[in-house]
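Encoded as structure tokens, the structure appears first; notes follow it.
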Amino acid sequence: MSAMAPALDHAAARLPEQHPLSFSLPPELEAPSPPEYRGMTRDAVRMLVATRSDSSLVHTHFSELPRFLDEGDLVVINTSGTLAAELDGTGPDGSAVQVHLSTRLPAGLWTVEVRRDGRAHLGAAPGDTIALPGGGHVALLAAYSPGPGGAGVRLWVSRIETPERLHSFLARHGRPIRYGYVRGSYPITAYQNVYATEPGSAEMPSAGRPFTPEVLTRLIAKGVGVVPLLLHTGVASLEASEPPYAEYFRVSLATAHHINDTRRSGGRVIAVGTTVVRALESVVDEHGHVHPSEGWTETVVSPERPVRSIDGFLTGWHEPEASHLAMLEAIAGRPLLEASYAAALAEGYLWHEFGDVHLVLP
């Protein structure tokens, strides 16, 4: 199976008509800092286990993950590492802006989001050049995605010029993308999964953040397999009706073989994060057979599109009406999804990248 480079008319894409899960998220349930800065280990975050077969809900902690998986199951992780993807810049009018790198495109281009005062800067225009610290600059070439309500531009196709290799430049001048609910600044290591191998994500594939070497060791000792794929995430500041942007992914021949062998032998395939689901659903055929491939995926998983590549799913807790909730509904079903979110709210689970997690089993 092959994957195409991302189209530049992203504005034409929209999620299918549906009624996304809506709820009120109290500010006190937004995780303000990494668990290590709250006196906990990574794997001590809470985990709600929801099982489709009997609609049961179990409250536990992530360190107990091996207890819920069986010998012969397979866990699929995303080994993309997080970039220090936020840079300070100066606009053509001399104003201070922030540039969020999102996705690397062919020909060395990038999609970037320009922000001012913590919000999308919708006044930028094609041809604008944003000066970066250390002698770099970003040239805005063309619109990639519209802003809220179609006003202005949210993402730009851009060319980034830096005096040194981009990853070195970001390590020197950049910082992790951080949103308003996070209190304080934390090093890039706080935004990395322990198994990350290849930098490229604008934001952390955060479902895997609770993994520790100890949890991975216990999984393997129990006979649960762990295999990698790669998907570099873009920025997450999406409107409720906006589908995920095109993202680069790679599924190896070895990983595809492990997934297909696991399902043939009766084991369960557990995806860690929406990124893993998106990558696998981009390379699975109508018979549920996963194929190796790499490229840019624009696949959108929703209840209108059956999930064929996985059996279970580990994810964080998503904002009201977020586009990822359509994926969760496709995997868990609407009744179990509603019950899970009601229980998480009632029990005070924490949201966002430093928060708690949700395991959906068949």
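So here's what we get for this one:
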| read-out | value |
| --- | --- |
| Segment 86-173, Cα convex hull volume normalised per residue, Å³ | 88 Å³ |
| Debye-sum result for the chain in log10 I(q)/I(0), which assumes one identical scatterer on each alpha carbon, at q = 0.08, 0.09, 0.14 Å⁻¹ | -0.38, -0.48, -1.22 |
| Volume of the Cα convex hull of segment 143-227, divided per residue and given in Å³ | 177 Å³ |
| Tilt relative to the chain, helix 253-264 - C-alpha long axis, 0 to 90 degrees, to 10 | 30 degrees |
| Residue-wise HN-Hα coupling along segment 228-236, computed from phi with Karplus coefficients 6.51, -1.76, 1.60 (Hz; x: Gly, Pro) | x, 9, 10, 9, 8, 7, x, 5, 9 |
| Between 0 and 90°, nearest 10: helix 334-346 axis offset from the chain longest Cα axis | 80 degrees |
| For segment 88-94, 3J(HN,Hα) per residue [Karplus equation, 6.51 cos²θ - 1.76 cosθ + 1.60, θ = phi - 60°, Hz, x = Gly/Pro] | 6, x, 10, x, x, 8, x |
| Charged-residue dipole, Cβ positions (Lys, Arg, Asp, Glu), the chain about Cα centre, Debye nearest 20 | 520 debye |
| Convex hull volume per residue in cubic angstrom - Cα atoms of segment 308-362 | 82 Å³ |
| Built amide H within the under 5 Å cut-off of Val75, gap 5+ | Gly225, Val226, Val227, Ile270 |
| Viscosity 1.567 mPa s, 4 °C: Kirkwood-radius Stokes-Einstein D of segment 173-317 over Cα pairs, µm²/s | 78 µm²/s |
| For Arg165, Arg38, order by how many other beta-carbon atoms lie within 10 Å, fewest first | Arg165, Arg38 |
| Helical contribution to [θ] at 222 nm, DSSP H n ≥ 4, -39,500 (n - 2.57), averaged over the chain, rounded to 500 | -5000 deg cm²/dmol |
| Sorted by Cβ density within 10 Å, fewest first, the residues Thr82, Thr315 | Thr315, Thr82 |
| DSSP beta bridges in the chain [antiparallel fraction, %, rounded to 5] | 70 percent |
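No lab work stands behind these numbers, since they all come straight from the coordinates. Just so you know, these numbers come straight off a predicted model, no measurement behind them. When we count neighbours, we look across all protein chains shown, and the Cβ atoms used for this are built from the backbone with ideal geometry, even at glycine.
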